[in-house]
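**Student:** Okay, here's the structure, questions in a sec.
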Amino acid sequence: MKRILSTLLLSCSLTCFATQEITIIPKPIQLTQEQGTFILRPQTLITYETGLRLQASYLQEVLGGSTGWDLKLVEGNAQEGSIHLAFDPSKKQAESYGLEVGPEGVRISGADTGGVFYGIQTLLQLFPAEVYSVVRQKNMDWVIPAVTIFDAPSHPWRGMMLDVARYFHDKDFVKKYIDMMAMYKMNKLQFHLIDDSGWRLEIKKYPLLTEIGAWAGKDQNRLGGYYTQEDIKEIIEYAQVRNVEIIPEIEFPAHMLSAVAAYPWLSCKGEPREVPMQHFISRDLICVGKESSFQFLQDVLDETVALFPSRYINIGGDEAVYDNWETCPKCQAVMKKQGLKKASELQGYLTNRVLQMMKEKNRTIIGWEEIIQRGKLDGRVVALIWHNESDTMIAVNNNHLAILTPATHAYLDFPESKTPGEVKAATWMPPISVEKSYSLAAKDYSPTSHVIGIQGCLWSDQFIHGTILQEIAPLNENRAENYVEYFTFPRLLALAEVGWTKESAREYKDFAHRLTYHYARLDQKECNYRVPEPTIVSMQETDQGVTFSLAESVNGAPIRYTTNGNYPTIHSPLYTGPVTVSNKNNFRAITVVNDRHYSLPIYFAYDYSEYKQYGEFTADWRPSNVQADKASVWKIDATGKISGNGMYEVTLVQTDGTNSLKVDGIKVLKRDELLEKIKDMQSVNKQHIVTYRFPIKSFEAGTPFYLEMQIYGDGGNNTNGAVFIKKVNE
């Protein structure tokens, strides 16, 4: 009877399977579903050609964790019912692969080890999500559909940048990050090892770089850490199996206060410095007027090149402030000798000297786009285009290569939305939704292309290196890692498809549908992510109000909702069909993955479009935050609204209420630094709109800005209104 039941259940699963969707990310070039299925069994062999032992072992480890079976590895030819890994010399494009699945077995053939590895990733995505579990999954039928797939990447560079300099992550988390990148066929990790807030790479010739430069604060408030050279070798070995190339970033001439704190003689002034606890951009550049500075760079880069097999070395090069070079006699002497007119051109001089160092090591320099804007270079470099996509033309016109990593689409430290409740994040640019990341305009690559690919960036200056998310060591917390994953996923999947899939095959609606099935895979990988709000299929206005029709944004995750404007909980009513409310602002709905993991609610912001002439909405006041006839401090976050140097106007508009809002002037703060103080008592009411004007002269990207006001209600607190900011031309 047990055997009959088992046969019936398996037969049912195979019949039902024929209609199951294939939801691979990134989307393959060619996919044909064939007749039949392949069943993974305890006796299934993993056979492999010579040279593919590491890839076979990787597959054995992944399948062994979830099935509990120790599948046997056999070097040689394919056998009946086996999963066979092979090279295919006919596949000319690097990282391309073919995958053939049928009842008689599985064959993965790749142009190289990378292609075979990516064939394995596609194979794993055909299995149920539980295949990624490290815990044995009982009562599972490991059945996949018969398919024929051919696939190859659209771009050779599909990268992520992980900032471990502003906030240190141990090697186990770095490995996990690499593993998650590889799962979605991303192949380059820019390892941001150096910044003002920390030096994370052991350099044996300069031990103080890690003894001093890797740590900030004292005693129980001490932060930091670094990777030994043995740690780096271990991380590289782990990445190589997963076809991820690690590119070290040794940042200069700016963003190296951690080095100056260890060796003050590196800067122009040679003054003592400390590694900062909070983010800011130091003006202490490496002094280009001292030969000792170049010897330091030579020594550091020699050890770095010896550690990292990558043919690329990233030298940073962004956000340099040249004040010290302009006043340093030694730097000025170099300018005169080289015939340079501006201090900024010294950066080109510095880059050229390092370019020559790296030519001798057979390495190619990468840097942020500033490196191709600061003087003529003596050789080809690769520029990370982060500020202005049109700057790719500078690369093209000067025969350099470029990687698209625009802050508008690929900086994942920005939040996904403006929904109240979003966690603390960078705000100096608008939010970046999954759809926005997916819309990154990456043209298909060809051998003549100057743009070689795309890259996402995960910075930790704004959202971790502060006081909000620090770990509590006695509790052995990992909230910073969860935080990084929250911002990375699911947007990494969007960028992965942009980098891999040809432009003509990319369509967001199709991607978004496939994405709904991948959250379960992230769950099985124990990877945190931002849960998406339910999808609004339609909003229909009727005489009774507004009728909402919703759809799951996470496959299988229930939707909970409220109709009174309150924040939903896991115990709120279960959505089963269209819901009608009198006012759309009263409707809230959340996606519930489990009792501890759910989305922010669907949110409708107040329509302030009639006030657009006053600038961008920044904050609003309500009776609840206004006291009658008693002044209180109102501090408004203006980060992102203040977006550069210039003149700004902040305007207060009353939208409702019978009491005026009294405003006793305004303070403008950069972090905690007072920039402007305007002492001017004003009354804001329906008849009187109030505007204050102030200049910004010391803008720093990523630095928070605030407006602080003393406010109270005149004779009562029945007042509602909004604050707007705009930059004005003078």
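**Student:** Pairs needed: first member in segment 224-236, part of a helix (DSSP H, G or I); second member anywhere, open to solvent by 50 Å² or more (accessible area, probe 1.4 Å) and not aliphatic (A, V, I, L, M); C-beta distance under 8 Å; at least 6 residues apart or different chains.
**Tutor:** Between residues of segment 224-236 that are part of a helix (DSSP H, G or I) and residues that are open to solvent by 50 Å² or more (accessible area, probe 1.4 Å) and not aliphatic (A, V, I, L, M), the close pairs are Q229/K204; D231/K171; E234/K171; I235/K171; I236/P309.
**Student:** Give the number of residues within segment 322-352 that are among the charged types (D, E, K, R) and open to solvent by less than 20 Å² (accessible area, probe 1.4 Å).
**Tutor:** Residues meeting the conditions: 0.
**Student:** Restricting segment 375-421 to residues that are out of contact with any Ser or Thr (no Cβ under 7 Å at 6 or more places or on another chain), among the polar types (S, T, N, Q) and not in a helix (DSSP H, G or I), which is modelled with the lowest pLDDT?
**Tutor:** Top of the filtered list is N388.
**Student:** Being more than 30 Å from P447 (Cβ to Cβ) and either open to solvent by less than 10 Å² (accessible area, probe 1.4 Å) or not in a strand (DSSP E or B) (or both) narrows it down to one residue among E80, E95; which is it?
**Tutor:** Within the list E80, E95, the selection yields E80.
**Student:** Residues of segment 636-667 being in a strand (DSSP E or B), modelled with pLDDT under 95 and among the charged types (D, E, K, R), which ones?
**Tutor:** Within segment 636-667, D637, D656, D664 qualify.
**Student:** Another question, if that's okay. Within segment 277-288, restricting attention to residues that are in a loop (DSSP other than H, G, I, E, B) and in contact with a Leu (Cβ under 8 Å, 6 or more places away or on another chain), which residue is most open to solvent (accessible area, probe 1.4 Å)?
**Tutor:** M277
**Student:** I would also like to ask the following. Out of E291, E303, E274, E319, which single residue is open to solvent by 20 Å² or more (accessible area, probe 1.4 Å) and within 11 Å of P253 (Cβ to Cβ)?
**Tutor:** After ruling out the rest, the residue left standing is E319.
**Student:** Could you tell me whether any residue of segment 123-142 is farther than 17 Å from R521 by Cβ and either hydrophobic (A, V, I, L, M, F, W, C) or open to solvent by less than 10 Å² (accessible area, probe 1.4 Å) (or both)?
**Tutor:** No, segment 123-142 contains no residue that is farther than 17 Å from R521 by Cβ and either hydrophobic (A, V, I, L, M, F, W, C) or open to solvent by less than 10 Å² (accessible area, probe 1.4 Å) (or both).
**Student:** Filtering segment 422-455 down to residues that are of a type in the set (V, I, T) and not in a loop (DSSP other than H, G, I, E, B), which residue is farthest from I725 (Cα to Cα)?
**Tutor:** I452
**Student:** From the set of residues in segment 165-223 that are among the basic types (K, R) and not in a loop (DSSP other than H, G, I, E, B), which is surrounded by the most Cβ atoms within 10 Å (Cβ to Cβ)?
**Tutor:** Checked segment 165-223; the qualifying residue surrounded by the most Cβ atoms within 10 Å (Cβ to Cβ) is K188.
**Student:** Identify the single condition in (1) over 22 Å from R283 (Cα atoms); (2) open to solvent by 20 Å² or more (accessible area, probe 1.4 Å) that L355 does not satisfy, given that it satisfies every other one.
**Tutor:** Result: L355 fails condition (2) only.
**Student:** A further question follows. Based on what the data block shows, is E730 part of a loop (DSSP other than H, G, I, E, B), over 15 Å from D629 (Cα atoms) and either at pLDDT 95 or above or open to solvent by 70 Å² or more (accessible area, probe 1.4 Å) (or both)?
**Tutor:** Yes; evaluated as a whole, the condition is true for this residue.
**Student:** Going by the structure shown, is S698 in contact with an Asp or Glu (Cβ under 9 Å, 6 or more places away or on another chain), assigned to a loop (DSSP other than H, G, I, E, B) and surrounded by fewer than 17 Cβ atoms within 10 Å (Cβ to Cβ)?
**Tutor:** In short, yes.
**Student:** Identify the residue in segment 702-720 that is within 16 Å of E676 (Cβ to Cβ) and among the hydroxyl-bearing types (S, T, Y) and, among all such residues, is nearest to the chain's Cα centre (by Cα).
**Tutor:** If we take residues in segment 702-720 being within 16 Å of E676 (Cβ to Cβ) and among the hydroxyl-bearing types (S, T, Y), then T703 is nearest to the chain's Cα centre (by Cα).
**Student:** I've got another one for you. Could you please give the count of residues in segment 654-686 that are buried (at least 20 other Cβ atoms within 10 Å of the Cβ) and within 14 Å of A619 (Cβ to Cβ)?
**Tutor:** So the count comes out to 5.
**Student:** If you check P573 against the conditions, is it touching a strand residue (DSSP E or B) at 6+ places or on another chain (Cβ under 7 Å) and within 25 Å of A129 (Cα to Cα)?
**Tutor:** For P573, the condition - touching a strand residue (DSSP E or B) at 6+ places or on another chain (Cβ under 7 Å) and within 25 Å of A129 (Cα to Cα) - is not met.
**Student:** Just to be sure before I move on: is F308 farther than 25 Å from L223 by Cβ, surrounded by fewer than 20 Cβ atoms within 10 Å (Cβ to Cβ) and of a type in the set (F, W, Y) in the structure I sent?
**Tutor:** No: the conditions fail for F308.
**Student:** Restricting to segment 594-614, count the residues that are surrounded by fewer than 19 Cβ atoms within 10 Å (Cβ to Cβ), of a type outside the set (F, W, Y) and in contact (Cβ under 8 Å) with a residue 60 or more places away in the chain.
**Tutor:** 2
**Student:** Determine which member of the set V241, V260, V288, V305 is touching a helix residue (DSSP H, G or I) at 6+ places or on another chain (Cβ under 7 Å), at pLDDT 95 or above and closer than 30 Å to A94 by Cβ.
**Tutor:** Among V241, V260, V288, V305, only V241 is touching a helix residue (DSSP H, G or I) at 6+ places or on another chain (Cβ under 7 Å), at pLDDT 95 or above and closer than 30 Å to A94 by Cβ.
**Student:** Considering only segment 701-727, state which residues are touching a helix residue (DSSP H, G or I) at 6+ places or on another chain (Cβ under 8 Å), open to solvent by 50 Å² or more (accessible area, probe 1.4 Å) and closer than 16 Å to E649 by Cβ.
**Tutor:** Of everything in segment 701-727, just one residue is touching a helix residue (DSSP H, G or I) at 6+ places or on another chain (Cβ under 8 Å), open to solvent by 50 Å² or more (accessible area, probe 1.4 Å) and closer than 16 Å to E649 by Cβ, namely K726.
**Student:** Let me ask another. Please count how many residues of segment 38-77 are of a type in the set (S, T, N, Q), surrounded by 18 or more Cβ atoms within 10 Å (Cβ to Cβ) and in a loop (DSSP other than H, G, I, E, B).
**Tutor:** 1
**Student:** Do you know which residues across segment 340-349 are part of a loop (DSSP other than H, G, I, E, B) and in contact with a helix residue (DSSP H, G or I) (Cβ under 6 Å, 6 or more places away or on another chain)?
**Tutor:** Within segment 340-349, A343 is the sole residue that qualifies.
**Student:** If you don't mind, another one. So, I108, is that one aliphatic (A, V, I, L, M), crowded, with 18+ Cβ neighbours inside 10 Å and assigned to a strand (DSSP E or B) or not?
**Tutor:** yes
The values are calculated or read from the model by the stated rules, or taken from the named source; none is laboratory data. Please read all numbers here as calculations on a predicted model, not as lab measurements. With ideal geometry, Cβ positions are generated from the backbone for all residues, glycine too; neighbour counts draw on all protein chains shown. The accessibility values were calculated without ligands, DNA or RNA, using every heavy atom of the protein model including side chains. Shrake-Rupley method; radii C 1.70, N 1.55, O 1.52, S 1.80 Å.
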